[in-house]
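Reading through the structure tokens given below for one structure.
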Ligand SMILES: Cc1cc2nc3c(=O)[nH]c(=O)nc-3n(C[C@H](O)[C@H](O)[C@H](O)COP(=O)(O)OP(=O)(O)OC[C@H]3O[C@@H](n4cnc5c(N)ncnc54)[C@H](O)[C@@H]3O)c2cc1C
Ligand code: SF4
Ligand code: FES
């Protein structure tokens, strides 16, 4: 087909977290601009399998930009050159014939490599487990319309709630800080009336877990916001800091 | 033989009476029971969290790296509930009625009524968890009409309803993980069910990072593993969606019901080439404002495809708004199966659009004129962006190209009113079971069903089974655990020994073509018989000529894929058998032999008003069909008409 491209890939290959990895060069030939980046990797993998070579391992699932499973550092940028997209929604028309593409996993001590480009992001789950919820049981809750919430507040909470937990913010940050991710959840609940009763203990518990996981601190460079595929804003971090320091000063509730 | 356990009494009282009659487990004794929950989508997360809150020990499993990534996350449009907040005449009975009718009278009345009844609690629960649903300026919840419903009962969170509902359930799950009442196993794939004396007592999983094949014991097992649409290779499902857990349970005695009922969604982005790995849904809500059309004649369509004329060259009279023309009262909002079949029809006539000719237009020009671009952007902005991203075409400037794609499977493991399969102690929830949508699912009803099953049904019904068990822990050393584990290990080794010339994807794509061609939007006897032979042949090809690389003791995506495709190759044949058996058209199952003079689906209630539940009888043995007759006491069966 006309318009199809030939590309050189330099891909990080690493058998597991105990062995050292290295870059391996592959040729991706006859790549249609309509392919997604992951479909391009599928094509390369099919050829590898036909040659009896282990395919390049990478995480992915929905391929719709919503599950947050895909990752990849592409030419030095999390989720590649295009702003506001995940790797699975990045299309090859963002590249040109003859280009060399360097593909690496997320680089962060808190995200150890499992194999090739797949990393372990379970630290994110543990932070959510520490306090990313409202303490309600199933049943026995009030009628949904008993709690009116101004549209503006609801919309703002939604903007924070939309984080897909991909980890690009951590990968983009020179300190490997997870502040954007953590602050998104804290903000969602801090904004909503349902989240008020535990807002301070929540902030304390989640921040404590974030520190325990070994994520770095925030020095306000804003790289996270620039690379976030769903547009989580830095204002969330400011809000989280407010919540956290208010909690510290007034010791409103103890973490549980 | 098949006992649906539907309680007696008037429809509206069945569930309350049943809840009262179910045995209870004393609160102090709940911790003596361990429940295994496989899957953490809406059904699994809500079940795991609710059961743990009650005091049970729960072990939960998912194949992704986090429970939050289950494919429920991708649902866009919304969730139904009979709240009647809009004062437009909705009620539990109306939601029940619409669901039964929409399912073309192939679902159980009692289950569907219960679903409609608990739907109202779901919204309350989600709001209490902090799910940020869309709201009106007054601060109350907003609703929209969805998928042709005549009332506005759909709750939504932008185009990301599934994400927000799942994150709500995930937060409830996290709270229990933190308390130590749920133990979560990420990146674990269930590969078999352990039964002892006919009862489900555990599962075998493969750790997808280390390859360890392990047994887990429990007093009951809940399969919440989603749908099997990926048997078609291309679908709107996530890449990892599979039938493995359900299929292996089927081979251990769980009947599989109505496997041929597949929903083909009318509005998806069309295929661009052989490299296509999945299909992206464009939410059905778009049909509220978009108009579906193709050129009036084959000649015009050809010219358009060749680029000899532009879309704007086609005047109103050159365009065929075929849904509006054929179904004046429902127009573009006819149910999914009708919209899909009509798209196929015009494409088969040669009037399709786009380079491949396998697409129709969904046009917003009128909506933009009527409402303004800003309003359209506020309503559909993220969908338009997604479309633009994938196709490089701007839907504000030119019509979207859409085509039907496999989306949802109404069939699944047979369950009774308690959601128990034919294996005692084994339950199936969410898309994994067959229970509530009959032969066709209405939009925004799957999210409702997953959460209904998990939050509000299983916490009651499971107690009835457990209360009869006694308090003994499950015997970990029972020989069945090691025996089943060994079977799984042998199967893995068998797959890894395959060193042929084809890739797993080669075979999967071929299977997809066969299913789409002969067991897709339209089916007929000759085609189905042909498909059966081709699938058998393909299965032989798989086991003799496929290649699976690497070893077990590592992350091995070749192996994962191979196991799933091996199961699809068996399921595919059962789907064909089921489609062959059902010589009527109903819902998503269109048998060309059974249509009205106008070419619409024609049911045969006299002969097919039943659930087809299939029993596995061993390798290469034909499966045995069991029929559960469907009784309709509260609705009158009519031929669906959307004219
Ligand atoms: C693109 C898209 C849009 C949709 N939009 C809507 C909508 O707007 N409204 C609506 O009502 N419905 C919608 N649906 C349908 C609805 O989203 C699904 O039917 C529903 O979410 C399924 O939920 P579930 O909990 O049953 O399964 P899933 O969410 O699919 O979860 C399955 C779980 O099982 C696990 N699993 C699977 N196999 C194994 C195994 N072998 N071992 C271990 N774990 C396993 C997975 O890890 C996952 O956790 C949509 C579906 C799609 C695909
Ligand atoms: S904040 Fe953005 S970049 Fe970070 S995890 Fe969430 S979605 Fe990904
Ligand atoms: S694969 Fe789900 S976001 Fe990319």
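The values are calculated or read from the model by the stated rules, or taken from the named source; none is laboratory data. From a predicted model like this one, the values you see are computed outputs, not experimental measurements. Quick reminder, even Gly has a Cβ in these numbers, built from the backbone with ideal geometry, and neighbours come from all protein chains shown.
Residue count for segment B:478-512, restricted to those that are part of a loop (DSSP other than H, G, I, E, B) and over 14 Å from residue B:203 (Cα atoms): 5. Does residue A:181 fit the bill of being facing chain B (nearest Cβ under 8 Å), part of a helix (DSSP H, G or I) and within 19 Å of the chain's Cα centre (by Cα)? Spelling it out, it is not the case that residue A:181 is facing chain B (nearest Cβ under 8 Å), part of a helix (DSSP H, G or I) and within 19 Å of the chain's Cα centre (by Cα). Going through (1) over 15 Å from the mean Cα position of the chain (by Cα); (2) assigned by TED's automatic domain parsing to the domain that holds residue A:227; (3) crowded, with 18+ Cβ neighbours inside 10 Å one by one, residue A:103 falls short only on (2). Of the residues making up segment B:176-212, those that are away from every other protein chain (no Cβ under 14 Å) and within 13 Å of ligand 1 (Cβ to nearest atom) are B:190, B:191, B:192, B:193, B:203, B:204, B:205, B:206. In segment B:129-142, the qualifying residues are those that are buried (at least 22 other Cβ atoms within 10 Å of the Cβ) and out of contact with any strand residue (DSSP E or B) (no Cβ under 7 Å at 6 or more places or on another chain), and the one that is nearest to residue A:186 (Cα to Cα) is B:130. A residue that is more than 15 Å from ligand 2 (Cβ to nearest atom), closer than 21 Å to residue B:133 by Cα and surrounded by 24 or more Cβ atoms within 10 Å (Cβ to Cβ) cannot be found anywhere in segment A:163-175.
Only one of the numbered conditions (1) within 14 Å of chain B (Cβ to nearest Cβ); (2) within 16 Å of ligand 2 (Cβ to nearest atom); (3) more than 30 Å from residue A:90 (Cα to Cα) is violated by residue A:240, and that is (1). Beta carbons closer than 6 Å, at least 6 apart along the sequence or on distinct chains, pair a first residue in segment B:74-87 that is on the phi > 0 side of the Ramachandran plot and surrounded by fewer than 21 Cβ atoms within 10 Å (Cβ to Cβ) with a second that is in a loop (DSSP other than H, G, I, E, B) and at pLDDT 95 or above for B:84/B:90. Residue A:124 meets each of the listed conditions (1) outside any loop (DSSP other than H, G, I, E, B); (2) facing chain B (nearest Cβ under 9 Å); (3) more than 16 Å from ligand 2 (Cβ to nearest atom) apart from (3).
Hey, does segment B:451-460 have a residue that's more than 20 Å from the chain's Cα centre (by Cα) and within 14 Å of chain A (Cβ to nearest Cβ)? Yes, segment B:451-460 contains a residue that is more than 20 Å from the chain's Cα centre (by Cα) and within 14 Å of chain A (Cβ to nearest Cβ). When the test is whether a residue is assigned to a loop (DSSP other than H, G, I, E, B), touching a helix residue (DSSP H, G or I) at 6+ places or on another chain (Cβ under 6 Å) and farther than 24 Å from residue A:134 by Cα, residue B:89 does not pass it. Restricting to segment B:415-435, give me the number of residues that are part of a loop (DSSP other than H, G, I, E, B), over 15 Å from the mean Cα position of the chain (by Cα) and over 14 Å from residue B:110 (Cβ atoms). Summing the residues that are part of a loop (DSSP other than H, G, I, E, B), over 15 Å from the mean Cα position of the chain (by Cα) and over 14 Å from residue B:110 (Cβ atoms) in segment B:415-435 gives 5. Report yes if residue A:171 is outside any helix (DSSP H, G or I), on the phi < 0 side of the Ramachandran plot and either more than 7 Å from chain B (Cβ to nearest Cβ) or within 17 Å of the chain's Cα centre (by Cα) (or both), otherwise no. No. When A:108, A:160 are screened for being closer than 29 Å to residue A:190 by Cα, assigned by TED's automatic domain parsing to the domain that holds residue A:30 and surrounded by 18 or more Cβ atoms within 10 Å (Cβ to Cβ), only A:108 passes. Taking the condition outside any loop (DSSP other than H, G, I, E, B) and more than 7 Å from chain B (Cβ to nearest Cβ), does residue A:130 pass? In short, no. If you go through segment A:37-68 and pick out every residue that is within 16 Å of ligand 1 (Cβ to nearest atom) and in contact (Cβ under 8 Å) with a residue 12 or more places away in the chain, you end up with 9. For segment A:229-239, the condition holds for at least one residue, the condition being that it is part of a helix (DSSP H, G or I), under 16 Å from the mean Cα position of the chain (by Cα) and buried (at least 19 other Cβ atoms within 10 Å of the Cβ).
Within segment B:94-106, identify whether any single residue is touching a residue at least 40 places away in the same chain (Cβ under 8 Å) and within 11 Å of another protein chain (Cβ to nearest Cβ), and answer yes or no. No, the conditions are met nowhere in segment B:94-106. Identify the residue in segment B:461-477 that is more than 27 Å from the chain's Cα centre (by Cα) and in a helix (DSSP H, G or I) and, among all such residues, is nearest to ligand 2 (Cβ to nearest atom). Checking each candidate, the answer is B:466. Residue B:177 fulfils the conditions (1) touching a helix residue (DSSP H, G or I) at 6+ places or on another chain (Cβ under 7 Å); (2) in contact (Cβ under 8 Å) with a residue 12 or more places away in the chain except for a single criterion, (2).
Just wondering, is there one or more residues in segment A:154-161 that are more than 8 Å from chain B (Cβ to nearest Cβ) and either within 16 Å of ligand 3 (Cβ to nearest atom) or closer than 30 Å to residue A:109 by Cβ (or both)? Yes; the residues of segment A:154-161 include at least one that is more than 8 Å from chain B (Cβ to nearest Cβ) and either within 16 Å of ligand 3 (Cβ to nearest atom) or closer than 30 Å to residue A:109 by Cβ (or both).
Screening the candidates A:74, A:114 for the property of being modelled with pLDDT of 95 or more and either more than 10 Å from every other protein chain (Cβ to nearest Cβ) or within 16 Å of ligand 1 (Cβ to nearest atom) (or both) yields one hit, A:74. Pairs are defined by a Cβ separation below 6 Å, a sequence spacing of at least 6 or placement on different chains, a first member in segment B:367-391 that is free of Cβ contacts under 8 Å to residues at least 12 places away in the same chain, and a second member that is part of a helix (DSSP H, G or I); the pairs so defined are B:389/A:89.
Results for (1) surrounded by 23 or more Cβ atoms within 10 Å (Cβ to Cβ); (2) away from ligand 3 (no atom under 16 Å from the Cβ); (3) on the phi < 0 side of the Ramachandran plot, shown as yes or no for each residue.
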{"site": "B:144", "(1), (2), (3)": "no, yes, yes"}
{"site": "B:150", "(1), (2), (3)": "no, yes, yes"}
{"site": "B:155", "(1), (2), (3)": "yes, yes, yes"}
{"site": "B:167", "(1), (2), (3)": "yes, no, yes"}
{"site": "B:174", "(1), (2), (3)": "yes, yes, yes"}
{"site": "B:181", "(1), (2), (3)": "no, yes, yes"}
{"site": "B:211", "(1), (2), (3)": "no, yes, no"}
